[in-house]
Every structure is written in structure tokens, then in C-alpha cells.
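Have a look at the structure below, then the notes.
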Amino acid sequence: MKTTAMALAALTISLTLGCSEEPAPGPAEKAGAKIDQAVETAGKKTEAAMEKAGNYTGEKLDEAGKAMEHAGEQLKQ
């Protein structure tokens, strides 16, 4: 009985110590991290481009609205 308990204690300690270290990332994990970073960077650039396009479109719509108002005023005269 003592031998079995000692063996279980030794096994438990060995497993605890053996599993405590995190293994170094492998090639697939490194590639995955690079892909994640590339997707994040692309997302930020896309968001910035969409914001710029939205601002440009808004400006052009304002200009078109003003031009239409001016044209309407010219027709009234």
C-alpha cells in the first residue's frame, strides 16, 4: 500500500513538473501569428481608407447640393 501511494505521489509530481513549461511555438503557430498580424494591419488600413472615402463622398455631396440650390435660385430669377 505504501509503495502504491509513493508511486502515485512520484507520478503526480513528475507530471506536474513535466507539464509546467510551455513549449516553444512551432512553425504553424509562428505562421498563424504572422497571418493574424497581417489581417489586423489590413483591417486598419481598410478602415482608414473607408473613412477617407466617406469624407470625400460627403464633401462631394455637399458641393452637389449647393450647386443644385444655386441652379434652383437661377431658375427662379
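Throughout, read-outs are computed from the coordinates displayed, never taken from laboratory work. Quick caveat: nothing in here was measured; it's all calculated off a predicted structure. Because the Cβ atoms are built from the backbone with ideal geometry, glycine has one as well, and the counts that use them run over all protein chains shown.
Summary of computed values
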read-out	value
Helix-only mean residue ellipticity at 222 nm for the chain, each DSSP H run of n ≥ 4 adding -39500 (n - 2.57), per residue, nearest 500	-31500 deg cm²/dmol
C-alpha long axis of helix 2-18 to longest principal axis of the chain, angle in °	30
Candidate lysines for bridging to K34, where Cα separation is under 23 Å - those fewer than 8 sequence places away on the same chain excluded	K44, K45
Anchor K30: aspartates and glutamates whose Cα lies under 20 Å away (excluding residues fewer than 8 positions away in-chain)	E21, E22, E40
Angle between the chain longest axis and helix 27-76 axis [Cα atoms, degrees, rounded to 10]	10
The chain - Rg (one decimal) and Dmax (whole number), Cα, Å	33.4, 110
Cβ-defined net charge surrounding E69, 12 Å radius [Lys, Arg +1; Asp, Glu -1]	-1
Net charge of neighbours whose Cβ lies under 15 Å from the Cβ of K30, counting Lys and Arg as +1 and Asp and Glu as -1	-2
